[in-house]
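The values are calculated or read from the model by the stated rules, or taken from the named source; none is laboratory data. As the structure is a prediction and not an experimental result, all values here were calculated from the model. Ideal geometry is used to build each Cβ from the backbone, glycine not excepted, and the neighbour counts take in all protein chains shown.
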Ligand SMILES: *[C@@H]1O[C@H](CO)[C@@H](O)[C@H](O)[C@H]1NC(C)=O
Ligand SMILES: *[C@@H]1O[C@H](CO)[C@@H](O)[C@H](O)[C@H]1NC(C)=O
Ligand SMILES: *[C@@H]1O[C@H](CO)[C@@H](O)[C@H](O)[C@H]1NC(C)=O
């Protein structure tokens, strides 16, 4: 053997080993709670866990909190010590690396681009007009007619990266959805494929229903739970929308005058679901937005009407049954959580894993869904007025605004920045002017 060949024989394995060593070191650092070493104020997962054990109450009234993050970890989201999960982290890392060329591309256009778009990729001037042919098209429709493609077209004028196609619900072909199948919940469905398959085989329905699916132009409203809806008599206006989206346990019964009576779908996670069967409205779709692997397991029990075995891993008590037939149950596409978090709001990527302050609220997830699937989008009941601490937080209960505290999972102020852009650019209409 020639000396140069010998050298290569030795060099190659060394390079490979060196790379593995380097990457394992890199990969293990940035997982859970890595910031806690720099910033004593930020609770690590371990601290969060012990906080829960000691009975420190939830950070916020309605939102998933520390305990949820904890159960996510319990359910197999890799921790720092968990070597077996390395490929997952590596893939998440790969996804992050792939994003960089995109950023570089933006920069390479030069300083003009830097001054026109904000960090998230939204135009700084949000009053940009639609392309002329669309202005004509919509201008020629009679007043009050639904404008096909309006929300997506408006969105694309302020956010050029916007791609409309993203189905509302998972269907039997869900594994084709490349953007979500490499992320663990809540940003994808990785590790949950089998359970999702068994749910979808039984529900057999993956759309809004024949009537709504065949509409050429759909108007949707996402009704938030804010006290701001009280005494505004918006019920009949809300009911005029083709699709009325409601969230979690927000009651309709008894509040019809203010919030309407129609519910096309109720999007919820287990802890947020209505617990009393008699409080469910008739004829609405029950849509799961899963934030952790356990949520899929819970849904399977609801679909198959099985008894719940243990409630460990939920951050509060959950519904024991959902009075809905399998054909009325759907799974929300997790892409909307991912897109809202990382693209629209700009929450910390954290290797594609749930972490401090990187989960969007359900309301923003629902709005993101609507941008992709509705022609016109309105919202009502969004926004908190912190200057009125005694005002009710929710329209359906007497908890006060002052009960809201800083959340571990959400970043309400960053989220609000995003929603303000949508309202300012007329991508969405805010009936209660709370955003
Ligand atoms: C209607 O469309 C025509 C061209 O198709 C255009 O010239 C006209 O300005 C449009 N009307 C409105 C109100 O936009
Ligand atoms: C709504 O009106 C009722 C009856 O007038 C009143 O008792 C209640 O305080 C009002 N709620 C809000 C949020 O203003
Ligand atoms: C929210 O985002 C801001 C700006 O990035 C950051 O300073 C703040 O710490 C974040 N809050 C939480 C709860 O993560």
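Structure values in brief
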item: Residue 134 within 16 Å of ligand 1 (Cβ to nearest atom) and surrounded by 13 or more Cβ atoms within 10 Å (Cβ to Cβ); result: yes
item: Qualifying residue in region 402-421 (condition: within 12 Å of ligand 2 (Cβ to nearest atom), in contact with a helix residue (DSSP H, G or I) (Cβ under 9 Å, 6 or more places away or on another chain) and more than 21 Å from residue 354 (Cβ to Cβ)); result: no
item: Residue match in region 336-350 (condition: within 22 Å of the chain's Cα centre (by Cα) and more than 19 Å from residue 120 (Cβ to Cβ)); result: no
item: Residue check for residue 271: farther than 27 Å from residue 148 by Cβ, outside any loop (DSSP other than H, G, I, E, B) and either in contact (Cβ under 8 Å) with a residue 12 or more places away in the chain or more than 16 Å from ligand 2 (Cβ to nearest atom) (or both); result: yes
item: Some residue of region 368-381 being assigned to a loop (DSSP other than H, G, I, E, B) and within 16 Å of ligand 2 (Cβ to nearest atom); result: yes
item: Test: residue in region 258-274 that is away from ligand 1 (no atom under 16 Å from the Cβ) and loosely packed, with under 14 Cβ neighbours inside 10 Å; result: no
item: Test: residue in region 276-285 that is within 30 Å of residue 428 (Cβ to Cβ), in contact with a helix residue (DSSP H, G or I) (Cβ under 6 Å, 6 or more places away or on another chain) and either crowded, with 22+ Cβ neighbours inside 10 Å or at pLDDT 95 or above (or both); result: yes
item: Residues (within 16 Å of ligand 2 (Cβ to nearest atom) and free of Cβ contacts under 8 Å to residues at least 40 places away in the same chain) located in region 223-245; result: 231, 233, 235
item: Test: residue in region 402-424 that is on the phi > 0 side of the Ramachandran plot, surrounded by fewer than 17 Cβ atoms within 10 Å (Cβ to Cβ), touching a residue at least 60 places away in the same chain (Cβ under 8 Å) and not in a helix (DSSP H, G or I); result: no
